[in-house]
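**Student:** One structure is given below, represented as structure tokens, and several questions about it will come after.
The values are calculated or read from the model by the stated rules, or taken from the named source; none is laboratory data. Computed from a prediction, not measured in an experiment: that's the story for all the values here. Cβ: placed from backbone, ideal geometry, glycine included. Neighbour counts: every protein chain shown.
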Amino acid sequence: MINVQDIRDTARDLLAKGEVRAVIGYRRGSRGMLAEPAFITSPEQADELVWDPTCFHNLSLYLVHDRKFLDHIRKNPGAPVAIIAKGCDARSIVVLLQEHYFKREDVYIIGVSCEGTGVLDERKLAPHLNGAQASNAAFDGDDFVFTTAEGEKRLQAREVMADRCLECRIPFPKEHNAVFGEDKAGRQMEAPFAALTRFEEQGSGERWDFWSHHFDRCIRCFACRSVCPMCYCDECVVDSITFPVTTETTAEDKANRVRWIERSAVRSENITYLMTRAMHLAGRCTDCGECERACPVNVPIRLLNNKMEREAREQFGFEPGASIGGPSLVASFLDSDPGDFIR
Amino acid sequence: MSEQQVYEPRVVAFLCKWCSSAGSDLAGVSRIQYPANATPITVPCTGAISPMYIMSAFNKGADGVLVSGCHIGDCHYIEGNYLARRKMQLIMELLEFIGVEPNRFRMSWVSAAEGAKFAQVITDFVNDLKPLGPQEKLKKAEHS
Amino acid sequence: MEKILNKKHIDDWIAALDSWDILGPVLEDGIWAYQPVSGAVRLDHPNTRQSPKGLAFPQREIFFKFEQIKGEAPRLTQVVPDEQRHAVFGVRPCDGRGVPRMDLVFTDHVEDNYYQARRKNVAYVGLACNKPPGPNCFCLSVGGSPVSTDGLDVQMTDLGDRYFVKAVTETGKGLMTAAGKLFAEPSAADQKQVEQVHADAVAHPQRAVRNVEAVPAKLKASFKSPLWQELARACIGCGICTFLCPTCHCFDINDEVQSKAPLKGIRVRTWDNCQFPDFTMHSSGHNPRENTGARLRQRVAHKFQYFPENFGMPQCTGCGRCVSECPVGIDIVAVVNKVVENAG
Ligand code: SF4
Ligand code: SF4
Ligand code: SF4
Ligand code: SF4
Ligand code: SF4
Ligand code: FES
């Protein structure tokens, strides 16, 4: 069991000694039990930090924000930023390092092991609480314990854990500067890609019915992109902000402008967006589950990313976020890559 | 045109300029007969083809998309086609995953000397596309 | 007009409204959404994930089609929203209050024909909240109430085995008289019960924006406050808070080309959103709202300062969607209270 006090002590110490300029972690928010991202810069704030099953956010997104901001004000980072990272989050950081988004010495990784559990899927919790609201959530061995107005509610974590955590192979941040909690590799509760495998048992027709339904539902809020640490492009293919429209711009110019994806949130455009995003994440998505969690209309985005992850693993022996020095999936190849589909 | 209009699939063919594009020219000058369903788009190398192009071609109404480049070992940029092989496999798997018919996407290696092969690739592709009918799944809807 | 409707007659009522398309709350894919229903309407939903604003202000509105053949004059064909009438059941009072706010936006200064054309064909059949259905409800503190009838055509109140149904507008009366036989006159006991239910609803504790009348001035004084960036630090700039909001109405207009020769396409209006980083991006690359702080300030000040200045009421109706659904916990109630507190 991780004692949150240890995390706080580490954060306080790092800040007091000036070894880091900030600590990105979790604190209790204003919405019931839910934790929210915290950015602390002074040792006194360290006591705000929490660690509980609602710490689902992949905070490495904020390393990207930080980098973008520093670039914007043309400032050198100076001291590193410390960040609290779960297994999947730490793998995201590894991908960012692999892509030279920032340097290893720019970040101080305070790893936290998910040990025997993982994080909560709020959608799974609701039916257990019968409308009650939880004001607190805590880890307790293999259980999650929720505090509600009606008293304490103890649930087996696996009943309400996020799917990705049930399937997680490496619930431990291998890459870290400091780490809390035991490495319980092999504690996996479902086979890797279990949800994907179940889905793929359906025929092509059913798969299309499923996806066309969801492609119709997307409202193109882009939360899935915005919440993803890997979606760091300054200009995404769906934005076309570099096309200046002036009074001189003719209809012809506009017609000839490259627009991959129109603004209308309709099936054809949503497909192009979501498929492209899945491709752009192939070999980079570490299945932190944030896109699917953020989606306000429950588009099962994780399946797309999972599909890419499994293909990468099975066809090319590739594991996202495994090593900083390793090649990236689509910028490398092996002689032995399959080619029998090519005529 | 006969009363029963024959369905002619529209193929968007991304052709590497160093090989398949020249291969298609050769098929032409050699007067090899093959269906005229393909709209060629010449690219500098298959390695330069973004999966976005494939999605975009389907979005704009292609019934089938072909990617064709230099044989392994012959890429003008040494490794472009190796990279393409990976990327194209991924997009192919993804298309199939969401329920798009696998025969709508195809990849081939056709050298500048293989005019006959190019004609064959197109012929086969068009034949395989015909029974599938028009591609409506990924296509932008028309507004009447 | 005030009547009693036995719960088992709600489907008959809906069936009687045969010239209307009926929408009701449906739970699908894990979320509640207003969807076409035909009978079997159950109004036991929490608030829906998306507000019903899309009925009058759809996410995508085609204005016209264009076609240009070289050498000829361009041809424009206006697309007019169809005349089908929609009655949406189960609208919560906060979403009802969103309606007059949207009406103001699309009527003041300019009459938006597309909005008007749709709006006149929508009837909002509301459901009073006997108890706030969400943990982040705060209608009471922004001038609303769980039993408000503002913006609704009909208000229904759940009295256990029956509904107390009250016509608020002429349209509402029409909906009720279309199935007059199904409704009974309320007894004195029914009246008493509904009063009690409403009183309890209003007495139920909610979250609250403190002293909402004082907020505009405080926000004005806080325009340059560094607090904005601090509070918006975690914001990821997604569109969730505004796309789900019953009163956010920003849009973009684009030409979507469907064919180049001949040049053919549509001009469309789509929802846009002040939280997107490129919302205010200029062609030059300069962005006047250059960080999340400036963008959060815009959203909050629009709801709680600019709208009150222009129209004399907060734009926010307290539905709590933006609070509940923000992926990173940006909470408009906490933000307003903090900024106000800080302004002294
Ligand atoms: S996916 Fe693995 S590492 Fe990530 S939160 Fe779940 S259990 Fe932890
Ligand atoms: S998939 Fe979900 S999160 Fe992503 S753009 Fe669509 S609605 Fe938004
Ligand atoms: S904010 Fe008020 S009106 Fe809206 S759902 Fe909550 S209690 Fe009902
Ligand atoms: S406040 Fe929340 S919901 Fe709104 S843009 Fe920011 S992160 Fe998204
Ligand atoms: S600002 Fe938030 S709480 Fe207020 S009406 Fe909009 S979504 Fe609801
Ligand atoms: S040059 Fe032909 S595939 Fe690279």
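**Student:** Can A:VAL23 be described as surrounded by fewer than 24 Cβ atoms within 10 Å (Cβ to Cβ), within 14 Å of chain C (Cβ to nearest Cβ), within 23 Å of A:ASN3 (Cβ to Cβ) and modelled with pLDDT of 95 or more?
**Tutor:** no
**Student:** Just checking, which of C:GLY144, C:GLY96, C:GLY134 is outside any loop (DSSP other than H, G, I, E, B) and of a type in the set (Gly, Ala, Ser)?
**Tutor:** C:GLY96
**Student:** Of the residues that sit in region A:317-331 and are buried (at least 17 other Cβ atoms within 10 Å of the Cβ) and in contact (Cβ under 8 Å) with a residue 24 or more places away in the chain, which one is farthest from A:TRP211 (Cα to Cα)?
**Tutor:** Per the stated criteria, the residue is A:GLY321.
**Student:** Still on this structure: Is it the case that C:LEU244 is more than 16 Å from ligand 6 (Cβ to nearest atom), within 21 Å of the chain's Cα centre (by Cα), not charged (D, E, K, R) and not assigned by TED's automatic domain parsing to the domain that holds C:THR48?
**Tutor:** yes
**Student:** If you don't mind, there's one more thing I want to ask. Hey, any hits in region A:57-70 for a residue that's within 10 Å of another protein chain (Cβ to nearest Cβ), surrounded by 20 or more Cβ atoms within 10 Å (Cβ to Cβ) and outside any helix (DSSP H, G or I)?
**Tutor:** Yes, some residue in region A:57-70 is within 10 Å of another protein chain (Cβ to nearest Cβ), surrounded by 20 or more Cβ atoms within 10 Å (Cβ to Cβ) and outside any helix (DSSP H, G or I).
**Student:** Given the structure, is B:ALA84 within 11 Å of another protein chain (Cβ to nearest Cβ) and on the phi < 0 side of the Ramachandran plot?
**Tutor:** In short, yes.
**Student:** State all residues of region A:23-54 that are among the acidic types (Asp, Glu) and in contact with a Lys or Arg (Cβ under 6 Å, 6 or more places away or on another chain); if no residue qualifies, say none.
**Tutor:** Result: A:ASP47, A:GLU48.
**Student:** For the structure I just gave you, tell me whether C:LYS192 is assigned to a helix (DSSP H, G or I) and within 27 Å of the chain's Cα centre (by Cα).
**Tutor:** So C:LYS192 fails the test.
**Student:** Go through the residues of region B:51-69 one by one and say whether even a single one is within 16 Å of ligand 2 (Cβ to nearest atom), out of contact with any Lys or Arg (no Cβ under 6 Å at 6 or more places or on another chain) and under 24 Å from A:ASN306 (Cβ atoms).
**Tutor:** Yes, region B:51-69 contains a residue that is within 16 Å of ligand 2 (Cβ to nearest atom), out of contact with any Lys or Arg (no Cβ under 6 Å at 6 or more places or on another chain) and under 24 Å from A:ASN306 (Cβ atoms).
**Student:** Also: For region B:45-81, give me the residue count where each residue is within 10 Å of another protein chain (Cβ to nearest Cβ), crowded, with 22+ Cβ neighbours inside 10 Å and outside any helix (DSSP H, G or I).
**Tutor:** 4
**Student:** Just for region C:241-258: of the residues that are more than 18 Å from C:VAL105 (Cβ to Cβ) and facing chain A (nearest Cβ under 9 Å), which one is farthest from ligand 3 (Cβ to nearest atom)?
**Tutor:** Checked region C:241-258; the qualifying residue farthest from ligand 3 (Cβ to nearest atom) is C:VAL257.
Each row is one residue, and each column tells you yes or no for (1) within 9 Å of chain A (Cβ to nearest Cβ); (2) without any contact (Cβ under 8 Å) to a residue 12 or more places away in the chain; (3) farther than 17 Å from B:PHE58 by Cα.
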| residue | (1), (2), (3) |
| --- | --- |
| B:LEU90 | yes, no, no |
| B:GLU96 | yes, yes, no |
| B:VAL100 | yes, no, no |
| B:ASN103 | no, no, no |
| B:ALA119 | no, no, yes |
| B:THR123 | no, no, yes |
| B:ASP128 | no, no, no |
| B:PRO131 | no, yes, yes |
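**Student:** Away from ligand 1 (no atom under 16 Å from the Cβ) and at pLDDT below 95: does that describe C:GLN50?
**Tutor:** In short, no.
**Student:** From the list C:ASN287, C:ASN310, pick out the single residue that is assigned to a helix (DSSP H, G or I) and more than 16 Å from ligand 2 (Cβ to nearest atom).
**Tutor:** The match here is C:ASN310.
**Student:** Here's something else I'd like to know. Give, as residue ranges, the helices (runs of 4 or more DSSP H) completely inside region A:159-272 that count at least 1 residues that are within 14 Å of chain B (Cβ to nearest Cβ) and under 30 Å from C:SER283 (Cβ atoms).
**Tutor:** The qualifying helices (runs of 4 or more DSSP H) are A:251-256.
**Student:** Sort out which residues of region A:264-287 are in contact with an Asp or Glu (Cβ under 6 Å, 6 or more places away or on another chain) and either of a type in the set (Asp, Glu) or buried (at least 23 other Cβ atoms within 10 Å of the Cβ) (or both), and write them in order of number.
**Tutor:** Selection gives A:GLU269 alone.
**Student:** Evaluate the following for A:LEU334: is it touching a residue at least 12 places away in the same chain (Cβ under 8 Å), assigned to a helix (DSSP H, G or I) and either loosely packed, with under 15 Cβ neighbours inside 10 Å or within 14 Å of chain C (Cβ to nearest Cβ) (or both)?
**Tutor:** no
**Student:** Test A:GLU167 against the stated conditions and say whether it is crowded, with 19+ Cβ neighbours inside 10 Å, closer than 23 Å to A:GLY283 by Cβ and touching a Phe, Trp or Tyr at 6+ places or on another chain (Cβ under 7 Å).
**Tutor:** When the stated conditions are applied, A:GLU167 passes them.
**Student:** Also, I was wondering about something else. Please find, within region C:223-240, the residue that is nearest to C:ALA294 (Cα to Cα) out of those that are more than 7 Å from every other protein chain (Cβ to nearest Cβ) and either buried (at least 19 other Cβ atoms within 10 Å of the Cβ) or hydroxyl-bearing (Ser, Thr, Tyr) (or both).
**Tutor:** It comes out as C:TRP228.
**Student:** Within region C:103-113, does at least one residue satisfy the condition of being touching a residue at least 60 places away in the same chain (Cβ under 8 Å), in the same structural domain as C:ASP11 (by TED's automatic domain parsing) and part of a helix (DSSP H, G or I)?
**Tutor:** Yes, region C:103-113 contains a residue that is touching a residue at least 60 places away in the same chain (Cβ under 8 Å), in the same structural domain as C:ASP11 (by TED's automatic domain parsing) and part of a helix (DSSP H, G or I).
**Student:** Still on this structure: Restricting attention to strands (runs of 3 or more DSSP E) lying wholly within region C:1-78, give those where 2 or more residues are under 24 Å from C:PHE251 (Cα atoms) and under 20 Å from the mean Cα position of the chain (by Cα).
**Tutor:** C:31-36, C:60-68
**Student:** Out of A:ARG267, A:ARG220, A:ARG257, A:ARG310, report the one residue that is in contact with a Phe, Trp or Tyr (Cβ under 9 Å, 6 or more places away or on another chain) and within 16 Å of ligand 4 (Cβ to nearest atom).
**Tutor:** On inspection, the qualifying residue turns out to be A:ARG220.
**Student:** Give region C:205-222 a look and list any residue that's within 16 Å of ligand 3 (Cβ to nearest atom) and within 14 Å of chain A (Cβ to nearest Cβ), or say none.
**Tutor:** If the condition is that a residue be within 16 Å of ligand 3 (Cβ to nearest atom) and within 14 Å of chain A (Cβ to nearest Cβ), then C:PRO205, C:GLN206, C:ARG207, C:ALA208, C:VAL209 are the ones that fit.
**Student:** Right, another one. I'd like the full set of residues that are among the charged types (D, E, K, R) and within 16 Å of ligand 5 (Cβ to nearest atom), limited to region C:271-315.
**Tutor:** If the condition is that a residue be among the charged types (D, E, K, R) and within 16 Å of ligand 5 (Cβ to nearest atom), then C:ASP272, C:ARG295, C:ARG297, C:ARG299, C:LYS303 are the ones that fit.
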